[in-house]
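Here the structure is laid out as structure tokens; the discussion comes afterwards.
Read-outs: derived from the displayed coordinates by stated rules, not from any lab. Every value quoted in this text rests on a predicted model; they were computed, and no experiment measured them. A quick note on method: Cβ atoms are made from the backbone with ideal geometry, for glycine too, and the neighbour counts reach across all protein chains shown.
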Amino acid sequence: MEKYVIEGGSQLKGEVIISGSKNAALPIIIASLLTDNEVVLYNVPFLKDIQTTISIIEYLGKKVYWVDHSCIKIISNREPYKEKGYVIAPYELIKKMRASFLVSGALLANYNKVKAALPGGCAIGARPVDIHIKAFEQLGVDHYVDGGYEVFIKNKARVKKNVVRFRYPSVGATENIMLFASKIPQEITIVNSATEPEIVDLAEFLKKLGVKIEGAGTNIIRIVGCKKFLSSKIEHKVIPDRIETGTYIIAAGITKGELLLKQTVPQHLSYVIKKLRSSGLKIETEEDKIYIRWVKMLKPQNITTRPYPYFPTDLQAQFMALMSITKGVSKIKETVFENRFLHVSELNRMGANIVVDGNTAIVTGVEKLKGAEVMVSDLRAGAALVLAGLAAEGISKISHIYHLDRGYENLADKLTSLGAKIKRIQED
Ligand code: UD1
């Protein structure tokens, strides 16, 4: 099993080029299923989840080439396999990554009969897809569950409602319905849609296909799809990864370092930057750069995770690692996922003092963390443990790092270039 071995105590200094956004690239790669035209995507991060998504669209009939380390070319290769008239998104592929359920929207846009494996829960929560399904239903799709699959039958003559109202602004459901609506030639409105920057990026891509979209980035999105798309090659540059950016901002804070982050979008992290500035971290921003310098001991901060533009759940664990060595008491409330505190016990094993009370973690800052053997439960928990290891006294061994490979491009190399002592080793 591969592990990270980190010798803590180095102050990180230098420049980091931020990679393309995983969560923006995934739905855009899936959106390429909507068109037969060649699609060229730039700023695609080379990550496990991206490779998984590529294998899914290749299974469904595309051929994907890496043109260079961050550019992919997608072309149509063949029609997807059908079984008794159904195009199938098999469990083997969906189970690897929950976001693959987004293929259901793209496939339903193209075909009348689709079977998509239900994704199931994961470490951070049950993660149902009821919002996606209810919206498909309102848009005229009949469905039932059979053997772990959601079986969808599109009734073209029957878009029941042209306004769908989400009970919660789910990111995935917004993307799934945007994909589906892209081929419905009438106006579809999503009310209480997610407003994340990744939604805006997907809308920008869909507009290049010829779809009319208004309101992406707000909580009401209007889409007028088209039966036939424009016939030219589509090129798109994926937005920078705001969660990777936030992780490196926190890395500068937790190691009392000084970093310049390049090729990023500071506005996508306004709320996080505001909180970290209140804590005492010096942060300056330019159009596509963020400069961070630790100048004094930080002050504790209370945060509540909420949908964009508020504090992202995907930075909660990393922020907790920072607060764990910040003198005073911070309260961290998680409202997006019900079980996203799996990093708490691992941070406590490194000497942190964190108590969980329902959906709130009460973090009493300790003077220092001590290196320990810890285990990663999910992607962002893994980032928190790496950050904790960088700040801790002594050696930390972090196992189950495959979770980190899903979402952080060249993590060890990037950290090493900033002065961190981190090695990837093979050990049972
Ligand atoms: C996306 C991100 C993930 C991020 C999350 C919230 C991708 C690939 N992943 O995940 O990194 O943490 O947004 O910002 O972009 N829910 C339901 N029913 C549904 C759909 C969602 O109850 O039909 C619940 C979920 O269980 C969760 C909450 O709503 O508790 C948020 O989920 P959602 O916004 O859909 O997140 P994802 O798209 O899965």
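Numbers at a glance
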item	result
Counted charge near residue 428, where neighbours are those whose Cβ lies closer than 14 Å (Asp, Glu -1; Lys, Arg +1)	-1
Taking 193, 100 and counting other C-beta atoms within 10 Å, the order from fewest to most	100, 193
Net lengthening on full extension, residue 68/residue 271 (0.36 nm per residue, minus Cα-Cα)	69.7 nm
Of all DSSP beta bridges in the chain, antiparallel share, percent nearest 5	70
Options 206, 149, 243, ranked by Cα towards positive dipole end of the chain, top entry (Cβ charges)	206
Under the Karplus curve 6.51 cos²θ - 1.76 cosθ + 1.60, θ = phi - 60°, whole-Hz ³J(HN,Hα) for the range 325-335, x wherever Gly or Pro sits	10, 10, 4, x, 10, 10, 10, 10, 9, 9, 10
Ordering of 417-426, 298-307 by burial proxy (mean other Cβ atoms within 10 Å per residue, highest first)	298-307, 417-426
Gyration tensor (alpha-carbon) shape descriptor, the range 22-237, a/c threshold 1.5	rounded
Loop-located trypsin sites (Lys or Arg not before Pro) in the range 266-320, at most 12 other Cβ atoms within 10 Å (DSSP)	296
For the chain, the longest site-free run once GluC sites (Glu not before Pro) in DSSP loop states with at most 15 other Cβ atoms within 10 Å are removed	39-286
Stretch gain in nm, segment residue 231-residue 395, where the contour uses 0.36 nm per residue and the Cα spacing is subtracted	53.4 nm
Cα centroid separation - the range 263-294 against the range 175-243, whole Å	28
Gain in span if fully extended, residue 1 to residue 153, counting 0.36 nm per residue against the direct Cα distance	50.4 nm
Beta bridge orientation in the range 22-237: antiparallel %, DSSP, nearest 5	75
Rounded, prolate or oblate (a/c below 1.5 giving rounded, otherwise prolate when a/b exceeds b/c) for the chain by Cα gyration tensor	prolate
Most positive-pole-ward Cα, 129, 345, 11, against dipole of the chain from beta carbon charges	129
Helical contribution to [θ] at 222 nm, DSSP H n ≥ 4, -39,500 (n - 2.57), averaged over the chain, rounded to 500	-9000 deg cm²/dmol
Given charges at beta-carbon only (K, R positive; D, E negative), |dipole| of the range 22-237 in Debye	500
Per-residue HN-Hα couplings for the range 300-307 [Karplus 6.51, -1.76, 1.60; θ = phi - 60°; Hz; x = Gly/Pro]	x, 9, 9, 9, 10, 6, 8, x
Theoretical FRET efficiency, 1/(1+(r/R0)^6), r = Cβ-Cβ of residue 81 and residue 168, R0 22 Å, to 0.05	0.05
Net charge over other residues, Cβ less than 14 angstrom from the Cβ of residue 94 (K, R count +1; D, E count -1)	+2
The range 367-428-the range 92-153 distance, computed between alpha-carbon centres (Å)	34
Charged-residue dipole, Cβ positions (Lys, Arg, Asp, Glu), the range 58-105 about Cα centre, Debye nearest 20	80
Net charge over other residues, Cβ less than 9 angstrom from the Cβ of residue 397 (K, R count +1; D, E count -1)	-1
Three-way shape label, the range 256-356, alpha-carbon gyration tensor, a/c 1.5	oblate
Dipole magnitude of the chain, debye to nearest 20 (Cβ charges: Lys/Arg +1, Asp/Glu -1, about Cα centre)	780
